[in-house]
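Asker: Here you go, one structure.
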Amino acid sequence: MTTPAYDFDTRLDRSGTWSLKWEKYAGRDVIPMWVADMDFRSPPEVIAMLRSRVEHGVFGYIEPGPELAEAIIGRLQESYGWSPAPEHFVWLPGLVSGLNIVCRAVGEPGDDVLTGVPIYPPFLSAPVNAQRRCVRVPLLEDGGRWTFPAQSLEDAIGERARLFLLCNPHNPVGRVYDRSELEAQADVCLRRNLVICSDEIHCGLVLDEDKRHVPFASLSPEIAARTITLMAASKTFNLPGLGSAFAIIPDRTLRARVNAVMKGIVHRPMTVGLWATLAAYRDGEPWRRALVARLRDNRDLVAGRVATWPGFRMAPVEGTYLAWLDLRDTGRDLWIEAFEAGGVGLYDGADFGTPGFLRLNFACPTALLVDALDRMDRVIRG
């Protein structure tokens, strides 16, 4: 099948759009490569859907129609051989909301929630927000490749452990966990009676052609019964500002607990977000394939440049559009400040629970990425 031509080269002016990413450095010559949204236009199929809904002119309360779940299920089946039932879906206004809801729905105040570090910051704050204790399990690095050994998970489980927060594909280290790794983690969770909340929002952004995303809930019926899967179109199709995500919860009791926590507090996703999600899953696959090809090229560009910087290392990015840079061997601190002064804004690894690292978002036009890397090169070489 021929992939249509899409524009990933035009540099878009996002000033004046209330962009969190760009407004952080408003009025300064700083290229923002910190927060995880892309500097590409969303798929034309999604934009066309949004235009249609806006032109209709009525924005009342809605109940998602069956075609939305059907479109998502069809894509999950085609991509991963996984077909959850429509009644398993719980619609959310965002994935971070989902993390916080789940931490409140599972267990009681004072219980333990386990997660591996480094990790996306809301994984560390959501348990605390829910009056739980966040147990940080260090990921292991071997030759630049990060792993989450099942034994490390098991060793961290105490008497009050109730919930395991998993991120796959992993933000920020870029791993796409192998089936064998996930099965080992699943075995621990089954034996130690843990509920799993699996953030799989980057599942459409697997860059390595020999890798395939494996939904945690697809491992076995027993695992599905204790897994809450969080997904959204927002990362893959660049829709984070539209406020739409979903949880897939096969177990009826667990689903009821999540809905009970949400009742009267958590609003439904926005109308435009739900319609955009439909268009993305139903019509956006050709655009997604073209995007992944561009991200793969950008990843390789970043990796090649980082390899020339003394003391810098970059973990292999199997999935996501996020490069995890290890600066511990540079013999220097305050890199994030130096890069900002040199015109590039990055994300401090300390916020992910691991000082000495920086996260770089390479989902932007290649010319803009080259500009940012050139600026970083000048800072590094003095």
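Each value in this text was obtained by applying a stated rule to the coordinates, not by laboratory testing. The structure displayed is predicted, hence computed values, not measured ones. For neighbour counting, all protein chains shown are included, and Cβ atoms are generated from backbone atoms with ideal geometry for every residue, glycine included.
Asker: How big is D for the stretch 105-176, in µm² s⁻¹ as a whole number, if Stokes-Einstein is applied with the Kirkwood radius of its Cα pairs at 37 °C and 0.692 mPa s?
Answerer: Stokes-Einstein gives a translational diffusion coefficient of 261 µm²/s.
Asker: Charges at C-beta only: +1 for Lys and Arg, -1 for Asp and Glu. How large is the resulting dipole of the stretch 59-283 about its Cα centre, in Debye rounded to 20?
Answerer: Charge dipole of the stretch 59-283: 680 debye, to the nearest 20.
Asker: What is the chain's relative contact order, in percent, from Cα pairs under 8 angstrom and six or more apart in sequence?
Answerer: 24 percent
Asker: I'd like the per residue volume of the convex hull spanned by the Cα atoms of the stretch 178-267, given in cubic angstrom.
Answerer: So the per-residue hull volume is 95 Å³.
Asker: Any idea what the relative contact order of the stretch 1-132 is, in percent, if you count C-alpha pairs under 8 Å spaced at least 6 apart?
Answerer: Here the relative contact order equals 14 percent.
Asker: Related question: Straight-line reach from K263: which lysines fall under 30 Å, measuring Cα to Cα and dropping same-chain residues less than 8 apart?
Answerer: Excluding near neighbours in sequence, the set is K235.
Asker: If you wrap a convex hull around the C-alpha atoms of the chain and split its volume per residue, what is the figure in Å³?
Answerer: 145 Å³
Asker: Still on this structure: Per DSSP H run of at least 4 residues, take -39500 (n - 2.57); add these up for the chain, divide by its residues and hand me the 222 nm value, nearest 500 deg cm²/dmol.
Answerer: Rounded to the nearest 500, it is -11500 deg cm²/dmol.
Asker: Restricting to bridges with both residues inside the chain, how much of the DSSP beta-bridge set is antiparallel, in percent to the nearest 5?
Answerer: Roughly 50 percent of the DSSP beta bridges within the chain come out antiparallel.
Asker: Order these by the 10 Å Cβ neighbour count, fewest first: K235, K211, K21.
Answerer: So the residues, fewest neighbours to most, are K211, K21, K235.
Asker: Based only on other Cβ atoms within 10 Å, what is the fewest-to-most ordering of S97, S19?
Answerer: Ascending number of Cβ neighbours within 10 Å: S19, S97.
Asker: In a Gaussian network model over the chain where Cα atoms closer than 10 Å are linked, find which of Y120, Y61, Y347 has the largest mean-square fluctuation.
Answerer: Highest fluctuation of the listed residues: Y61.
Asker: Shifting gears a bit: Explain nothing, just the number: relative contact order of the stretch 59-283, from Cα pairs under 8 Å at least 6 residues apart, as a whole percent.
Answerer: It rounds to 26 percent for the stretch 59-283.
Asker: Quick one: which of 48-60, 357-369 comes out on top by average Cβ neighbours within 10 Å, and what's the full order, highest first?
Answerer: Ranked by mean Cβ neighbours within 10 Å, highest first: 357-369, 48-60.
Asker: What residue among A280, I73, C134 has its Cα farthest toward the positive end of the dipole of the stretch 59-283, where the charges are +1 on Lys, Arg and -1 on Asp, Glu, each on the Cβ?
Answerer: C134
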